[in-house]
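Data first, discussion second: the structure below is written as structure tokens.
Where a number appears in this text, it was derived from the coordinates with a stated rule and is not lab data. All figures in this text were calculated on a predicted structure; none of them were measured in a lab. All Cβ positions, glycine included, derive from the backbone under ideal geometry; neighbour counts span all protein chains shown.
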Number of protein chains: 2
Amino acid sequence: MSPDSSHPLERLFNPRAVAIVGASTSPAKQGYRYLKHLLDYGYKGGIYPVNPREAEILGVRAYPSVTDLPEAPDLVISTIPAEAVPELVEDCARRGARFLHMFTALLGETGVPERKALEDRIVTRARELGIRVLGPNCMGIYDPAIGLTFRTVSSTEKGNVALISQSAAHAAEVMYRGWVRGLAFSKVVSYGNAADINETDLIDYLAGDTETKVILGYIEGVKGRNFKAVLRKAASTKPVAIFKVGRSPAGARAVASHTGSLAGSYQVWQGLMRQSRVVTADSLDELVDLGIAFAKLPPPKGRNVGVAGAGGGGSIVAAEEFEANGLTMPSFPTDLVTSLKPVVGDGWYLMKNPIDASIVAEAGIGYTRIGAMMKLMANHPLYHILCWDLGEWRPNGPEEAALYRSMVDVLIATHHEITKPLAAVLRPADHLHEWRWRLAMETQQQCARQGLAIFPSVTRAAVALGKLTDYYSQIIKEG
Amino acid sequence: MSPDSSHPLERLFNPRAVAIVGASTSPAKQGYRYLKHLLDYGYKGGIYPVNPREAEILGVRAYPSVTDLPEAPDLVISTIPAEAVPELVEDCARRGARFLHMFTALLGETGVPERKALEDRIVTRARELGIRVLGPNCMGIYDPAIGLTFRTVSSTEKGNVALISQSAAHAAEVMYRGWVRGLAFSKVVSYGNAADINETDLIDYLAGDTETKVILGYIEGVKGRNFKAVLRKAASTKPVAIFKVGRSPAGARAVASHTGSLAGSYQVWQGLMRQSRVVTADSLDELVDLGIAFAKLPPPKGRNVGVAGAGGGGSIVAAEEFEANGLTMPSFPTDLVTSLKPVVGDGWYLMKNPIDASIVAEAGIGYTRIGAMMKLMANHPLYHILCWDLGEWRPNGPEEAALYRSMVDVLIATHHEITKPLAAVLRPADHLHEWRWRLAMETQQQCARQGLAIFPSVTRAAVALGKLTDYYSQIIKEG
């Protein structure tokens, strides 16, 4: 809950009662799912299915109309056809509802003038009656702290990253891709056409939300008139990373037909991002990566990276990718080499930054010694950031699982012994064989639970670490 | 087998007998693994473990020295320490060996002058004696047609894509990431320091290899003196795609310490690629993607793409990514709209390029109708390339697996009914839950077996399709 409980959107995120209009007994309908989610995810407030043809749905008493509810619902979720919504708005006002979330779609985004006019009419009337509208054409709110969700198979873990997304599918993708890597969310909002509540309102709320430490956004078009000021204020209180589309003519046309938004000039947008200290994400994947980096890593105090690469080729790619993202990989200084010798033994002369893990193996140097070398780099003032690439692990069979598990244990132990930011590169677990998938996914979850920042490739780690470093170096410069 | 059986490397790829020097009874040793691979993968020629302390290894008679072998081995694999290799070279010559593959490492790549001198001495003497050397510091040959492999858990499927890689880990990564997506290889060579046999020799061989339709390369530094001419000739006979590192100062330094190669100027390299009609890959992932595109897709006859996107947000990203890669996504022409109406029914006015699959679902239009629309686009002269993004599938539980399977069936049926290139976007199966991983991996394998070109994201499909189109448009232009 926000400390500023007087924020106009407070009861959208913390409703004391929720009504689902169009609640259904059919599992294929969204009106069934919203109800089931509230029950499954332990929402504690009043739960009111609304359906004139049912007395009870999923064991919960149903009501013929919003006006019949025993208490005023802070949030009404509409899953009924658009034509029926104007009457619903009147009912909401009669019963004292505050927020109307319209899952209902086929309105402004269709590009059909009559449908856009209907959307306008709904929103104008709702505002007259003191009701704020989320959507239309959106999935709504995910708030694990209170048991609100729009997705089945959602994580119940509370986190500190918030996400706003004009696309429901993109919201779901960022959530799912984040969960797999241990990212947990404070709030997620799929806000669709933004006919009333828009990106500006949402960012304004999240800027003051004490449960949110990082704000991520997928934005198609800006609707809020004071967007610039709100964004600037939000970005001065916590990291904000945004993936903005409509970057090209074809993109702008596609934006118009998705949420009916005007994409605006991307050049203007870029200038605004820079002035506001907002981090630009260039893809959905990058948005997830930035969420991981900002939520899980301490601020880097400089640009020098110490790397343990997977093998020779991996070390080269690491060197190039870090350099391409404004980071440097300085060679071991003399005093570090002196400390390395007793730790590494005979093969010390083969050790370089990046550390080639395959050479380490060939030279008979155990994996624990890579951990020891990483610690030496982490404790040396020359290095500010560490990156450890476990590589595409190539086991000879399930019997080598123990070896891989011990490598992961060394990685986790090292993570707990150093204070500088450490990025772990673990390849995605999209493996052909079950034993291999299981091993990769289990160890990844183990790393995630221990708070490691996990990236699927060195390239993606380098991009996120570069932007993380740029962000904090700007903060330091500006005092 | 090459039609030109007089090629100097013919017996490297088709040896009639293989000796493993340093063959071992210990499963942790590479000298055990090479032997086990030959047995497990059904290599039909003579198999000769060499180890002075063992009479038999893995049930195969072992010999004290190469000179004791009952036949001349075309290929000798060395897993013994570098210091012992000069004597091995003499033994190889005495017994009439043709190729010495040195898994043996810690030579030129260490940067230590004495080790580089040892490498030079080995190679010079081998050449004097008529023996060609592969490596040192490499994994050697994978050739599924004859049962040679350097990786356990290798695919036994014969394919038509060849890969040469100076990094063994990168070779393994391309192979594994390719196999998961249905890419099969004719030959893979991990060639390490390239002290003798180099990229030029290998490309020259593969250009004439009738089993190879596409050549992929990961190159750190060029060693062959007639590289330019050989590359140009190879690229004029079949598609060649290369990921060249050493693109920056840090990359060039890392190259030197991996395989002791000189990276050379990347600008010079780029010019050479352009003149030779070689496709440039910018990452290892892209190398896999280009292998998929060139091996599985027919040549596009133009730049217009028809897309079925996952949802509204996905459609926008698709539009932007295709446009960024030189492709266009024209709107439906009037005659296509006319044919669409009866197929799609009521929701026809919502249909655009890209087709938003979520709108299709909302409008009650079944998934089979997306297939029908894709076919209409494929049959229309305006469109040259198709792309179908199944999206990040968000099931409500295992009970919805049948729905997803039917979507995949429609995709496969559509693929078989159209002749224009169709890229399928299937998200990687790195799922948290076993049922979901199993469903994703099984359906992906099903698509792969049916010959679909699978990409993990629209972005990666767009890059590969852009380069595929550039390649063939150049071919057409140049006649």
Self-check item: Sum of -39500 (n - 2.57) over DSSP H runs of 4+, divided by residues of the protein assembly as shown (222 nm, nearest 500)
Solution: -13500 deg cm²/dmol
Quiz item: In angstroms, what radius of gyration and Dmax does chain B have, counting Cα atoms only?
Solution: 25.3, 82
Exercise. Can you tell me the relative contact order of the range A:263-338? Whole percent, Cα pairs under 8 Å, sequence separation 6 or more.
Key: 21 percent
Exercise. Using a 10 Å cut-off on Cβ to Cβ distances, tally the other chain neighbours for every residue of A:166-176 and report the average as a whole number.
Key: 6
Quiz item: In the protein assembly as shown, what percentage of the DSSP-assigned beta bridges are antiparallel, given to the nearest 5?
Solution: 10 percent
Quiz item: When only C-alpha pairs under 8 Å and at least 6 residues apart count, what is the relative contact order of chain B, in percent?
Solution: 11 percent
Exercise. Can you tell me the equivalent ellipsoid semi-axes for the range A:1-147? Use √(5λ) from the Cα gyration tensor, largest first, whole Å.
Key: 22, 19, 15
Quiz item: Hey, quick one: spin label on B:Glu54, modelled 7 Å out along Cα-Cβ, who in the range B:4-44 has an amide N within reach, i.e. under 17 Å?
Solution: B:18-41
Self-check item: Per-copy distances of the B:Val343 label point, shortest first, in nm (7 angstrom along Cα→Cβ)
Solution: 6.3
Self-check item: Within 10 Å of each Cβ in A:320-326, the average number of Cβ atoms from other chains
Solution: 4
Quiz item: Roughly how compact is the range A:167-286, stated as its Cα Rg over 2.2 N^0.38 Å to two decimals?
Solution: 1.00
Quiz item: List the lysines whose alpha-carbon lies under 18 Å from that of A:Lys223, not counting same-chain residues fewer than 8 positions away?
Solution: A:Lys116, A:Lys233, A:Lys244
Quiz prompt | Hits among lysines - C-alpha to C-alpha of A:Lys238 under 17 Å, sequence gap 8 or more where chains match | solution = A:Lys187, A:Lys213, A:Lys228, A:Lys296, A:Lys467, A:Lys477
Practice problem: Could you pull out every one of the lysines with an alpha carbon less than 18 Å from that of A:Lys375, ignoring same-chain neighbours closer than 8 positions? | Solution: A:Lys301, A:Lys341, A:Lys352, A:Lys420
Quiz item: Helix A:113-128 versus the longest principal axis of chain A: what is the Cα-based angle in degrees, 0 to 90, to the nearest 10?
Solution: 80 degrees
Quiz item: Hey, for A:Ser265 with labels 7 Å out along Cα-Cβ, what do the inter-copy distances come to in nm, ordered shortest first?
Solution: 3.9
Quiz item: Stokes-Einstein D for the range A:378-464 at 25 °C, 0.890 mPa s, Kirkwood Rh over Cα pairs, in µm²/s?
Solution: 180 µm²/s
Quiz item: Copy-to-copy spacing for A:Trp435, label 7 Å out on the Cα-to-C-beta vector, in nm, shortest first?
Solution: 2.6
Self-check item: Mean separation of Cα contacts under 8 Å (6+ apart) over length of the range A:411-479, as relative contact order %
Solution: 36 percent
Quiz item: Sorted by average packing, counted as other Cβ atoms within 10 angstrom per residue and highest first, what order do A:445-458, B:225-238 take?
Solution: A:445-458, B:225-238
Self-check item: 0 to 90° range, to nearest 10: angle between helix A:434-449 axis and chain A longest Cα axis
Solution: 80 degrees
Quiz item: Which order, highest average first, do B:115-127, A:14-26 follow once you tally other Cβ atoms within 10 Å for each residue and take the mean per peptide?
Solution: A:14-26, B:115-127
Exercise. Please list B:28-34, A:67-73 highest first by mean number of surrounding beta-carbon atoms within 10 Å per residue.
Key: B:28-34, A:67-73
Practice problem: Quick one: give the max-minus-min coordinate of the C-alpha atoms of the protein assembly as shown along each principal axis, largest first, in Å. | Solution: 100, 64, 50
Quiz item: What's the angle, to the nearest 10 degrees (0 to 90), between helix B:227-237's Cα axis and the longest principal axis of chain B?
Solution: 40 degrees
Quiz item: Hey, with R₀ at 45 Å, roughly what FRET efficiency would A:Ser331 and B:Thr280 work out to, going by the Cβ-Cβ distance, to 0.05?
Solution: 0.95
Exercise. Report, as an integer, the average count of C-beta atoms from other chains found within 10 Å of each Cβ along A:327-337.
Key: 1
